[in-house]
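Please treat every number below as a calculation from the coordinates, not as lab data. It should be emphasised that the depicted structure is a prediction, and the values quoted were computed from it without experimental measurement. All Cβ positions, glycine included, derive from the backbone under ideal geometry; neighbour counts span all protein chains shown.
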């Protein structure tokens, strides 16, 4: 495992990925090596490994968003919910999200039923947006991301084989997309659409539209 089977974060730091995290809020760690010779079924098992991380991300996204929908009715006064709607108070593009996540929720306490719940809601908002972003990013069909393996295994039956130079070029391509803002725009569009659809479904199911 190249010394990577460790909880020591220093073993997993990627120099360039760390610099990007500091400068742009977006980065990566060294990938954990997987030995395909241990697979019983190469295509199936590679697909399962590739989907493991994003499955956790999307599961945590769904759970934390569902909890945020539930807490929303306890946090805010009914008059505010009736006036602006539950979606505006939960969605990451809503005004309440900006206030709570930036730590300025105290400015809205007059509209709250249980003010201390703002800290719980703040955590849930950060948690669901972070996990959704990670899940969507890792599913982009660009090597070496998990989405590339999913595309290869599902569409091409694991027959695609790229040399290390292509993987390096793809990594630099991701850097260029990040530096130009194109990656942020793409991720914002995708995560916004998914979050909106799931949130609307949850609100419809709970009768809080």
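Below are the figures for this structure:
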item	result
Degrees between helix 42-75 axis and first principal axis of the chain (Cα, 0 to 90, nearest 10)	10 degrees
Tensor-based shape of region 65-112 (alpha-carbon gyration tensor, a/c under 1.5 rounded, otherwise prolate or oblate)	rounded
FRET efficiency, residue 8 to residue 110 (Cβ-Cβ, R0 41 Å, nearest 0.05)	0.30
Between helix 146-155 and the chain: long-axis angle, C-alpha atoms, 0 to 90°, nearest 10	70 degrees
Ranked by how many other beta carbons lie within 10 Å on average, peptides 63-72, 77-86 from highest	63-72, 77-86
Principal semi-axes in Å for region 57-209 [√(5λ), Cα gyration tensor, largest first]	38, 16, 11
